[in-house]
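Trainee: The structure is given below, and queries will be raised subsequently.
The values are calculated or read from the model by the stated rules, or taken from the named source; none is laboratory data. Note that the structure is predicted; figures quoted are calculated from it, not measured. Ideal geometry is used to build each Cβ from the backbone, glycine not excepted, and the neighbour counts take in all protein chains shown. Note: accessible area is taken over every heavy atom of the protein model, side chains too, but ligands, DNA and RNA are not part of it. Shrake-Rupley method; radii C 1.70, N 1.55, O 1.52, S 1.80 Å.
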Amino acid sequence: MKHTFLIVCALLLIISASRAQISIDTQYISAVKSIQLSPYGSKLDPPLLRLGTDDRLEIAFDMLADEPEEYRYEIRHCDRHFVEDGLTTQEYMSGFNEGAIGEHQFSLTTLQNYIHYRQTLPDEISEFTASGNYVLKVYRAEAPDEVLFTRRFRVAEDLFGVEMEAVTPSEAPNENQEIAVALTPKTGTDHQWSNTQYLFPYLQQNGRTDIARLLPFGSYQGNKLLYRFKKENIFTGGNCFRFFDFSNLRTPMYNVQNVERFGGETFVMLRPCEDLSRKNYNYIEGLMGGFKINIWDRTQKEIEADYAWVNITLPMERPYLDGTVHVVGDLTQWNLGDTSRMEWNPKFKAYVKRMYLKQGYYSYQLLFLPVGSHEGETARIEGDHYETPNTYTLYLYGRRPTDLYDRLIAVKKMKR
């Protein structure tokens, strides 16, 4: 009897763990490249839709292959932590939550053969009926358990007015940035939303998920809810994003040292990165961690841009013993893991990272991840400056006692 009880407990733990699986932007198949999930017609914007509109998302990616395959997608609803919450399809969508990736094109005149896939979603007869966080899963049609990749996106309501203001930081004002937030319920919004225990405002800097903050409530000002003057409102300023452009593989462009072809492959050597932590601030305009596929002398960039091995180096006499160095931006899905980690090479006395990328313009930062921490630091390599331009986004989630799921009831973006 005792053994039976233990087995049942173990099974329940396994089931609950599978239901509470956290969804992150993950790539499972190395042959999949250049994944972009964005609002239709706007490649550089984050994947966000407004509830009750005809807005659609577009998923695009390349498969390094000679023959096309059939792929499908599936959409699942998640809670505010991007954990699948177990809602049925009918509770968050009308129509279907899955479909086929219907459009593909073969690459043209490239050394690397690939097939470019693209699909607008959801389909024309489906729409979202619930706001909140979602995860998109793309998989092989013939083997549904073989997932290619997952991507996160959001669907938002508009129940609150959001004001965001950059204020002088109370700590290290020459290095930090502080954002004050005020929330105002819109006319007709349920009065229960004025109860701050039902509200969960998350503030995010650029695309970084490692330092997204849940803001604590501060005070009331009339019907406004103020979230300000707390340590959670303070972010390190960081530095302008580094960038490189290899739209032209015949002539080195911005921050490209040389381009070589060997054995049927192309190798792009970037200019060595500098340790900027002790340098004066220097403004550089960029894509704030994004990337843009581009080819200098062709028009069909999605299928005529080629692939190359891009080598990023950070000269350093000795490796750090108290942490790791990571290349962070859309090119590594903003993850601080194996896909972004640089390795110290004793032969070259430098941290190195080699990535197989599609021609275009890329921006990124070099973050230091201390041992035992999940938050990357800009101070060690990039330096911190209050003048640095950063994009801050406020995601306001709400859940009343009668709600079945975490709703995303307001979104506001501010460029600092």
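Trainee: What's the number of the only condition in (1) open to solvent by less than 50 Å² (accessible area, probe 1.4 Å); (2) within 30 Å of Trp193 (Cα to Cα) that Lys230 fails to meet?
Mentor: Unmet for Lys230, out of (1) open to solvent by less than 50 Å² (accessible area, probe 1.4 Å); (2) within 30 Å of Trp193 (Cα to Cα): (1).
Trainee: Among residues belonging to region 163-195 that are among the acidic types (Asp, Glu) and in a strand (DSSP E or B), point out the one that is most open to solvent (accessible area, probe 1.4 Å).
Mentor: The qualifying residue most open to solvent (accessible area, probe 1.4 Å) is Glu165.
Trainee: Let me ask you something else. Would you mind stating whether Glu387 is part of a loop (DSSP other than H, G, I, E, B), within 27 Å of Tyr134 (Cα to Cα), open to solvent by 50 Å² or more (accessible area, probe 1.4 Å) and in contact (Cβ under 8 Å) with a residue 60 or more places away in the chain?
Mentor: Here the answer is no, as Glu387 does not meet what is asked.
Trainee: In region 22-43, what residues are assigned to a strand (DSSP E or B) and over 16 Å from the mean Cα position of the chain (by Cα)?
Mentor: The answer is Val32, and nothing else.
Trainee: Sticking with this one: Exactly one of these conditions fails for Leu408: (1) in contact (Cβ under 8 Å) with a residue 24 or more places away in the chain; (2) in a loop (DSSP other than H, G, I, E, B); (3) not basic (Lys, Arg). Give me its number.
Mentor: Here Leu408 meets the rest and fails (2).
Trainee: Within region 282-289, identify whether any single residue is modelled with pLDDT under 95, open to solvent by 10 Å² or more (accessible area, probe 1.4 Å) and either under 17 Å from Ser34 (Cβ atoms) or in contact with a His (Cβ under 8 Å, 6 or more places away or on another chain) (or both), and answer yes or no.
Mentor: Looking through region 282-289, at least one residue is modelled with pLDDT under 95, open to solvent by 10 Å² or more (accessible area, probe 1.4 Å) and either under 17 Å from Ser34 (Cβ atoms) or in contact with a His (Cβ under 8 Å, 6 or more places away or on another chain) (or both).
Trainee: Among all residue pairs at least 6 apart or on different chains, which show Cβ distances below 8 Å where the first residue, located in region 214-227, is open to solvent by 80 Å² or more (accessible area, probe 1.4 Å) and the second is of a type in the set (A, V, I, L, M)?
Mentor: From residues that are open to solvent by 80 Å² or more (accessible area, probe 1.4 Å), the pairs are Tyr220/Leu226; Gln221/Ala182.
Trainee: Name every residue in region 135-153 that is acidic (Asp, Glu) and outside any strand (DSSP E or B), in order of residue number. Even if it seems obvious, please write down each step before you answer.
Mentor: The first filter runs over region 135-153 and keeps only residues acidic (Asp, Glu), leaving 142, 145-146.
Passing the criteria: only Glu142.
Trainee: Taking region 316-343, which residues are open to solvent by 70 Å² or more (accessible area, probe 1.4 Å) and either hydroxyl-bearing (Ser, Thr, Tyr) or in a strand (DSSP E or B) (or both)?
Mentor: Hits for region 316-343 are Thr339, Arg341, Glu343.
Trainee: Further, regarding this structure: Search region 29-67 for residues being more than 22 Å from Glu103 (Cβ to Cβ) and among the hydroxyl-bearing types (Ser, Thr, Tyr), and hand back the single one that is surrounded by the fewest Cβ atoms within 10 Å (Cβ to Cβ).
Mentor: Taking the candidates together, the pick is Ser30.
Trainee: Give me the residue from region 87-110 that is more than 16 Å from Gln300 (Cα to Cα) and hydrophobic (A, V, I, L, M, F, W, C) and, out of that set, most open to solvent (accessible area, probe 1.4 Å). Steps first, answer last, please.
Mentor: Looking only at region 87-110, we keep the residues that are more than 16 Å from Gln300 (Cα to Cα), and these are 87-102.
Applying the additional criterion that residues be hydrophobic (A, V, I, L, M, F, W, C) yields 87, 93, 96, 100-101.
Details: Leu87: 28, Met93: 8, Phe96: 119, Ala100: 43, Ile101: 14 Å².
Here the answer is Phe96.
Trainee: Tell me which residues, restricted to region 196-211, are of a type outside the set (Phe, Trp, Tyr) and either in contact (Cβ under 8 Å) with a residue 60 or more places away in the chain or open to solvent by less than 40 Å² (accessible area, probe 1.4 Å) (or both).
Mentor: Within region 196-211, Thr196, Leu199, Pro201, Leu203, Gln204, Gln205, Asn206, Gly207, Arg208, Thr209, Asp210, Ile211 meet the criteria.
Trainee: Residues in region 345-381 that are under 17 Å from Asn311 (Cβ atoms), open to solvent by 50 Å² or more (accessible area, probe 1.4 Å) and of a type in the set (Lys, Arg): how many?
Mentor: 3
Trainee: State whether the residues of region 96-118 include one that is among the acidic types (Asp, Glu) and either part of a loop (DSSP other than H, G, I, E, B) or under 24 Å from Leu225 (Cβ atoms) (or both).
Mentor: No: zero hits.
Trainee: Take Thr129 and decide whether it is surrounded by fewer than 19 Cβ atoms within 10 Å (Cβ to Cβ), free of Cβ contacts under 8 Å to residues at least 12 places away in the same chain and of a type in the set (Ser, Thr, Tyr).
Mentor: No.
Trainee: Could I ask something else about it? Please specify each residue of region 233-251 satisfying the condition of being open to solvent by less than 10 Å² (accessible area, probe 1.4 Å) and closer than 30 Å to Ser194 by Cβ.
Mentor: Asn233, Phe235
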